[in-house]
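Here is the structure we will look at.
Derivation of every value follows stated rules applied to the coordinates shown; laboratory data play no part. Not measured: the values here are computed from a predicted model. When we count neighbours, we look across all protein chains shown, and the Cβ atoms used for this are built from the backbone with ideal geometry, even at glycine.
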Amino acid sequence: MSYMVARMQKMKAGNLTGIGNHNQRKTDNHSNKDIDVERSHLNYDLVQGRTENYKTDIQEFIDENKAGTRATRKDAVLVNEWIISSDGAFFEDKDDKEIERFFEETKDYFADKFGDNNIRYAQVHLDETTPHMHLGVVPFDKENKLSAKRVFNRATLIEIQDELPALMQERGFDVQRGEKGSERKNLTVPEYKQAMETLNKVQGEHADLSSKYEQLKGEHDVLEEKLNRDTRNEKKLLEGQEKLFSDKLTFEPKEVSKANQDVLRSRAGIEFDLKMEKSHNSRLTNDNDLLRRENRKLTKEVSKLKKFVNIIDNFLQKHFDISIPEITEKINENRQERRAEKERDTERDTPSR
């Protein structure tokens, strides 16, 4: 069973432009190499803002709906963005309609729990390695006061991790919650990505070897049947030869000699063919043994890596304020913002002609 992925990151006013540009794919030059721009047209919105400007839309929504007239603090968390997904195997056998239903059900859960109006965007990305959704929630409490700490406190985060997988199971999706309370190792972003790349590589090699093993096994079975058939034919030939010389029939010496030579030549040919078949069969048997050993070795490696990845996922689910997808995207967004800022500085410093 696959794990349900629900990661949260906090967005302040300075983050909204960058995350909006990323989510809406406003540029074709992405630092995230997993993005396939030729598939970006497949992305879609389940909740769409008034305009394509995250910062303007969200700040206007907060100003229109917040309790009181006090200005929002500059360092306030304006949006809690959730990354919703699962592993690649979960999406592998699902068509577009079922994938959309998965994200719709998740979006409805957050809308019911935190208010439908407070869901300001829900964008599904299908142009990366694994389908996922970016869902932005403005953290208004029941009194319409902006407070990410109160709305998404530790108890609420644990509730989400418990309730969401259970709900999705009820909706027919084969997902589960990560393990609670186990000891887990904290990994850096490069370590996590390297672990996932290694796991995918080993799984691919395991599948290739399994396919090759099945092919060789089929060839081995065919050759073994042919060998048995030739052995039976040889036995019948020898029995016929014995009968030829044991029957009390009258042959001319020349006829007997010619028949004997023909039988001997035929037998020699069959013995040579059998020898070649046995040699080929022996090589196939050795290849099969080697593939079985490699298959067992790779199976153990895959099992270890799966446990390793589960440990990573379980750790991240316990510490809700940190997630690998969020950190990776955050790093990419910060790089884009710094690059854009540098370009603006260069344009300002360049004298106009």
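One table, with the values for the structure above:
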read-out	value
Cα-Cα over 28 Å, subset of 10/97; 236/275; 66/149; 113/145; 107/342; 97/212	10/97; 107/342; 97/212
Protection proxy ranking, peptides 132-140, 11-19, average beta carbon neighbours within 10 Å, highest first	132-140, 11-19
Backbone HN-Hα couplings from phi across region 298-304 [Karplus 6.51/-1.76/1.60, Hz, Gly and Pro as x]	5, 4, 5, 5, 4, 4, 4
Inter-probe distance in nm under a simple model that places probes 7 Å from Cα toward Cβ, at residue 335 and residue 280	5.4
Extended-chain gain in nm, criterion 0.36 nm per residue less alpha-carbon gap, residue 50 and residue 174	41.2 nm
Sorted peptide list for 270-276, 84-90, criterion being average Cβ within 10 angstrom, highest first	84-90, 270-276
Amide hydrogen neighbours beyond the local backbone of residue 3, cut-off 5 Å, H modeled	87, 176
